[in-house]
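Enquirer: Quick one: this structure, given as structure tokens, is what I'll be asking you about.
The values are calculated or read from the model by the stated rules, or taken from the named source; none is laboratory data. What you are looking at is a predicted structure, and each value in this text was computed from that prediction instead of being measured. Backbone-built Cβ (ideal geometry, glycine too); neighbour counts: all protein chains shown.
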Amino acid sequence: MQTRAHWEAVYGRRPSTEVSWYEAYPGKSLELIRATGIASDAPLIDVGGGASFLLDELLRQGFSDLTALDISATVLATLHDRLPKAPHAKVSLLQGDVTTFRPERQYTLWHDRAVFHFLTQPSDRARYVEVLRSAVAPGGHVIVATFGPEGPERCSGLPVQRYDATSLTQALGGEFRLLHAELVEHRTPACVTQQFLYTRYQRAC
């Protein structure tokens, strides 16, 4: 996994609305979260979401137990200042590398858009899966979006690993049952089209 300094520099060079993975409305993620049928008070973690508007929308929709984990302290500060005030909601902002994260609780849903594909080393992918198994409760849900088979080979100056549904399922391991896979075209702020693979899994009980 790359260093915190790399990602602090990425967010320091340009506004979060200009990074390639920016989307004004996280529609596909919200659709897949709704498809799980989880309760609005179920604990949910967004991994490496950066300045995504996912937590903002979840709060507006009544979700009340949200966690964001990101390697960049800069982007977490942006989230802290921007998130809508929800007095009855619990929002935790955690700074750290997902491959070394030690969750102190389990979550009903794990959401990762555009983190896993940066793990090009098998050892980093193995650590990610170990954390995933520790963090997701039995019967819980996992949503992972990566670059698809025809997606870019590099992003933010780094190489990435592209996936189809079969290779991603193999990488996550047999504990997670694939329920949905879909290729989605994402248009970047620079008007470049990128292919993403969105997947939804459920952990075995």
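Enquirer: Is it the case that Arg105 is closer than 14 Å to Leu44 by Cβ, more than 16 Å from the chain's Cα centre (by Cα) and not small (Gly, Ala, Ser)? Lay out the reasoning, then the answer.
Expert: Details: closer than 14 Å to Leu44 by Cβ: yes; more than 16 Å from the chain's Cα centre (by Cα): yes; not small (Gly, Ala, Ser): yes.
Yes; evaluated as a whole, the condition is true for this residue.
Enquirer: What pairs come up if the first residue lies in region 70-95 and is farther than 17 Å from Asp41 by Cα, the second is modelled with pLDDT of 90 or more and in a loop (DSSP other than H, G, I, E, B), and their beta carbons are under 6 Å apart, counting only those six or more places apart or on different chains?
Expert: Listed pairs, sorted by first residue: Asp70/Gly48; Ile71/Asp97.
Enquirer: Just need a number here: residues in region 84-100 that are touching a helix residue (DSSP H, G or I) at 6+ places or on another chain (Cβ under 6 Å) and surrounded by fewer than 18 Cβ atoms within 10 Å (Cβ to Cβ).
Expert: Total meeting the criteria: 4.
Enquirer: Check off (1) touching a residue at least 24 places away in the same chain (Cβ under 8 Å); (2) of a type outside the set (D, E, K, R); (3) in contact with a strand residue (DSSP E or B) (Cβ under 6 Å, 6 or more places away or on another chain) for Ala51 and give me the number that stays unchecked.
Expert: (3)
Enquirer: Looking at region 1-40 only, could you name the residues that are of a type in the set (D, E, K, R) and within 15 Å of Asp112 (Cα to Cα)?
Expert: Glu23, Lys28, Glu31
Enquirer: Among the candidates Tyr25, Tyr11, which residue alone is modelled with pLDDT under 95 and outside any helix (DSSP H, G or I)?
Expert: On the way: Tyr11 fails: outside any helix (DSSP H, G or I).
Only one candidate qualifies: Tyr25.
Enquirer: Return yes when Ile33 is part of a helix (DSSP H, G or I) and not charged (D, E, K, R) and no when it is not. Don't jump to the end; show me each part of the working.
Expert: Working: part of a helix (DSSP H, G or I): yes; not charged (D, E, K, R): yes.
Considered against the rule, which asks whether it is part of a helix (DSSP H, G or I) and not charged (D, E, K, R), Ile33 comes out as yes.
Enquirer: Related question: Which condition number in (1) assigned to a helix (DSSP H, G or I); (2) of a type outside the set (S, T, N, Q); (3) over 23 Å from Ala35 (Cβ atoms); (4) touching a Ser or Thr at 6+ places or on another chain (Cβ under 9 Å) is the one that His117 fails?
Expert: Only one criterion is unmet by His117, namely (3).
Enquirer: Limited to region 163-205, what total is found for residues that are among the β-branched types (Val, Ile, Thr) and surrounded by 14 or more Cβ atoms within 10 Å (Cβ to Cβ)? Show your work before the answer.
Expert: As a first pass, look at region 163-205 and keep what is among the β-branched types (Val, Ile, Thr): 166, 169, 184, 188, 192-193, 199.
From the residues that got through so far, the ones that are surrounded by 14 or more Cβ atoms within 10 Å (Cβ to Cβ) too are 169, 188, 199.
Number satisfying all stated conditions: 3.
Enquirer: So Val136 clears everything in (1) more than 22 Å from Leu30 (Cα to Cα); (2) buried (at least 23 other Cβ atoms within 10 Å of the Cβ) except one condition, right? Which one?
Expert: (1)
Enquirer: Given the criteria among the aromatic types (Phe, Trp, Tyr), in contact (Cβ under 8 Å) with a residue 60 or more places away in the chain, touching a Lys or Arg at 6+ places or on another chain (Cβ under 7 Å) and more than 22 Å from Thr17 (Cα to Cα), does Tyr201 qualify?
Expert: Working: among the aromatic types (Phe, Trp, Tyr): yes; in contact (Cβ under 8 Å) with a residue 60 or more places away in the chain: yes; touching a Lys or Arg at 6+ places or on another chain (Cβ under 7 Å): yes; more than 22 Å from Thr17 (Cα to Cα): yes.
When the stated conditions are applied, Tyr201 passes them.
Enquirer: Also, quick follow-up: Just checking, does region 162-170 include any residue being over 22 Å from Asp70 (Cα atoms), modelled with pLDDT of 95 or more, touching a Leu at 6+ places or on another chain (Cβ under 7 Å) and not in a loop (DSSP other than H, G, I, E, B)?
Expert: Checked against the condition, which is being over 22 Å from Asp70 (Cα atoms), modelled with pLDDT of 95 or more, touching a Leu at 6+ places or on another chain (Cβ under 7 Å) and not in a loop (DSSP other than H, G, I, E, B), region 162-170 yields at least one hit.
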